[in-house]
Amino acid sequence: MGIPTRDEDVALHARILQRESVANVDAFAVFVDPIIAAVKYARGCTHEMARDAAIDVLLDYLEAPERFDPQRGRLFSYLAQSAKNTVTDWQRSATRRQAREEKFGLLFELLGRSPKDCLEQSAEVKCIVERIEQSDLSQVDRAFLGLMLQGERSTQRFAEVLGLGALPAVDIQREVKRNRDRIMKWLVRFGREVFGDES
């Protein structure tokens, strides 16, 4: 599907402001592919990164559509530029993400080990394992975190762990993103407790 016309932009925005029941689904159908194409062309990023950015900006827009001002330009341009900015931010923070991942590398590695293997590790490793076991993270959250740490990118796999199979695709995307963000915040807090805040 190509870039929507100005009239399509205006009509869809009006429907979204009116909170029409299917307008959100239509917004995804109309905008996702053109935004992905625009972001990949402008930023030279992967399809997955462009898709994630497109979904993020669409979810943000749908939560607060009144923030878009039609007097300042087209809705598609607004969403595409927001997605491009999102990817730029992600690319700029890649070094920090890499450092964080290295910092938590030991923790990530532990999730796949048996209790016997963990007991054979150093006192620091034992401490980390005990803290995970004593943490407030539920079994579902631990399974979700396990997929994250394995580099899983499939929204469907995360949805299965969360038990979201019967929801519409838009709601599944939103719930998976919300849970990913929540668990990343937990992981950062956990890392600060274990390693101390060295940032």
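The values are calculated or read from the model by the stated rules, or taken from the named source; none is laboratory data. Since this is a predicted model, take the numbers as computed values, not measurements. Counting neighbours? That spans all protein chains shown, and the Cβs are built from the backbone with ideal geometry, glycine included. These accessible areas exclude ligands, DNA and RNA; they are computed on the full protein's heavy atoms, side chains included. Shrake-Rupley method; radii C 1.70, N 1.55, O 1.52, S 1.80 Å.
How much net charge surrounds Ser82 when only the other residues with a Cβ under 12 Å from the Cβ of Ser82 are counted, with Lys and Arg +1 and Asp and Glu -1?
Numbers: positive: Arg67, Lys84; negative: Asp56, Asp60, Asp89.
Summing Lys and Arg as +1 and Asp and Glu as -1 gives -1.
Grab the beta carbon distance between Tyr41 and Leu137, set R0 = 35 Å, and tell me the FRET efficiency rounded to 0.05. Intermediate values should be presented prior to the final figure.
On the way: r = 40 Å, r/R0 = 1.14.
Between Tyr41 and Leu137 the formula returns 0.30.
For Arg6, Arg51, give me the order by solvent-accessible area with a 1.4 Å probe, most accessible first, ignoring ligands, DNA and RNA.
Details: Arg6 140, Arg51 60 Å².
Listed by decreasing accessible area, they come as Arg6, Arg51.
Just to confirm a number: summing +1 for Lys and Arg and -1 for Asp and Glu over residues other than Pro70 whose beta-carbon lies under 15 angstrom from that of Pro70, what do you get? Don't skip to the end; give the middle numbers.
Working: positive: Arg6, Arg15, Arg67, Arg72, Arg74; negative: Asp7, Glu8, Asp9, Glu66, Asp69.
Counting the neighbours of Pro70, the net charge comes to 0.
Assuming R0 = 35 Å, what is the FRET efficiency of Ala29 and Met184, from their Cβ-Cβ distance, to the nearest 0.05?
According to the calculation, E is roughly 0.75.
Around Glu48, what is the net charge, scoring Lys/Arg as +1 and Asp/Glu as -1 over all other residues with Cβ under 13 Å from its Cβ? Please list the in-between numbers first.
Values: positive: Lys40, Arg43, Arg51, Arg153; negative: Asp52, Asp56, Glu152.
Counting the neighbours of Glu48, the net charge comes to +1.
Ordering His47, His13 by how much accessible area each has at a 1.4 Å probe, largest first, what is the list? Mind showing how you got there, number by number?
Values: His47 80, His13 10 Å².
Highest to lowest solvent-accessible surface, that is His47, His13.
Using a 1.4 angstrom probe and counting only protein chains, how large is the accessible area of Phe144 in Å², to 10?
0 Å²
Identify the residues of the stretch 18-45 with backbone N under 18 Å of a label point that sits 7 angstrom from the Cα of Thr88 along the Cα-to-Cβ direction, or state none.
Output list for this probe position: 35-45.
Test of understanding: what is the full-extension gain from Leu17 to Glu48, defined as 0.36 nm times their sequence separation minus their Cα-Cα distance? Kindly include the intermediate steps, with their values, before the conclusion.
Numbers: separation 31, 0.36 × 31 = 11.16 nm, distance 2.89 nm.
Working it through step by step, the gained length comes to 8.3 nm.
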